[in-house]
Amino acid sequence: MSIHIKTAEEIEKMRVACRLASELLDYLTPHVLAGVTTKAIDQLAYDYIVNVQHAIPAPLNYAPPGYTPYPASICTSVNSVICHGIPNDKPLKDGDVLNIDVTVIKDGYHGDSSRMFCIGNVPRHVRRLCDITFEAMWHGIAMVRPGARLGDIGHVIQTFAENAGYSVVREFCGHGIGRNFHEEPQVLHYGRPGTGEELRAGMIFTIEPMINAGRREIREMPDGWTIVTKDRSLSAQWEHTVLVTDTGYEVLTQSAGCQAPPDFVAKAHAAA
Ligand code: MF3
Ligand code: CO
Ligand code: CO
């Protein structure tokens, strides 16, 4: 197996699938409120993907080797849940923080993105965790260009998160994506500069750091999917799907409702 370099036609299809994923998050955003259950949000997502986007929710019945089929259309990871939280009947409450991770399949291609949502008034330290994780993802994205190495991406994410006093989850990583939900390469969110696979134009992969307020160790819940922090500290995650272009990168999971990139990204572009 090796890393698939996408053709121009495939890149165009990935642009469409990824835009739909981002637009789905835009659509869900006004519904993510105290009193609403994550199951209700999952139902909204299913209906929108199937009836409006005429696409397929990739998580539904997704069953990698060793896993039972995933029972919902999106992942909703609340507070100390790191990832793969299964939507349930518990209403969101003021002060909760959650990640919504969506993946849609359009015309055979996958678009994968996730964002953090704060419910009502959240303490300042919780907002900081979300903001630092967002910036950490963007530090990784900003490294993407032909000739850079995967280790460069992991290194900047790890350095930024750890300097902020947080820890990086090791067991889950970003991934190549296209016709397959998860394909090569694995994009670790930690590492050493100058190591790992060299990036080439036409590669498409996700960058999706999971950052814990406490220790990095994880625990898997008995449902076989839900991953929580072992110390029950809060965890945050953001995810974009990114194309390596001839000169740098293109973030494919973009739409009107995206949070603007951090200042250092705009400055770097202005300087280029
Ligand atoms: N969307 C997740 C990712 O970013 C994968 C979720 S798999 C599921 O890779 F089955 F839990 F949906
Ligand atoms: Co995802
Ligand atoms: Co992903």
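The values are calculated or read from the model by the stated rules, or taken from the named source; none is laboratory data. The model shown is predicted, which means the values in this text are computed figures rather than measured ones. Cβ sites come from the backbone with ideal geometry, for glycine too, and all protein chains shown count toward neighbours. Just so you know, the surface numbers come from the protein's heavy atoms only, side chains and all, with ligands and any DNA or RNA stripped out. Shrake-Rupley method; radii C 1.70, N 1.55, O 1.52, S 1.80 Å.
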Worksheet item: Using all Cα-Cα distances in the chain, what percent lands in each 10 angstrom bin from 0 up to the longest?
Response: 7, 31, 39, 20, 3, 0
Practice prompt. Might you tell me the accessible area per residue for the chain, computed with a 1.4 Å probe and given in Å²?
Written response: 44 Å²
Worksheet item: Using a basic spin-label model with each label point 7 Å from the Cα along Cα→Cβ, how many nm lie between residue 220 and residue 265?
Response: 3.2 nm
Worksheet, complete the sentence: Quick calc of log₁₀ I(q)/I(0), segment 1-121, Debye, one scatterer on every Cα, no solvent, q values 0.22, 0.23 1/Å, result -1.25, -1.32
Worksheet item: Ordered by packing density, taken as the mean number of other Cβ atoms within 10 Å over each peptide's residues, highest first, how do 162-170, 201-209, 37-45, 230-238 rank?
Response: 201-209, 230-238, 37-45, 162-170
Item to complete: Would you list, by chain and number, the lysines whose Cα falls below 23 Å from the Cα of residue 230, excluding same-chain residues fewer than 8 positions away?
Response: 90, 93
Worksheet entry | residue 83 long-range amide H proximity, modeled H, under 5 Å | 227
Discussion item. Rounded to the nearest 10 Å², what accessible area does residue 62 have for a 1.4 Å probe in the complete protein model?
Written reply: 60 Å²
Item to complete: Enter the accessible area of residue 155 (Å², nearest 10), with the probe set to 1.4 Å and all protein chains included.
Response: 60 Å²
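Could you check how much of the accessible area of segment 102-210 is carbon and sulfur, as a whole percent, using a 1.4 Å probe?
With neighbouring chains kept in place, the figure for segment 102-210 is 46 percent.
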Worksheet item: With all protein chains present and a 1.4 Å probe, how do 33, 129 order by accessible area, largest first?
Response: 33, 129
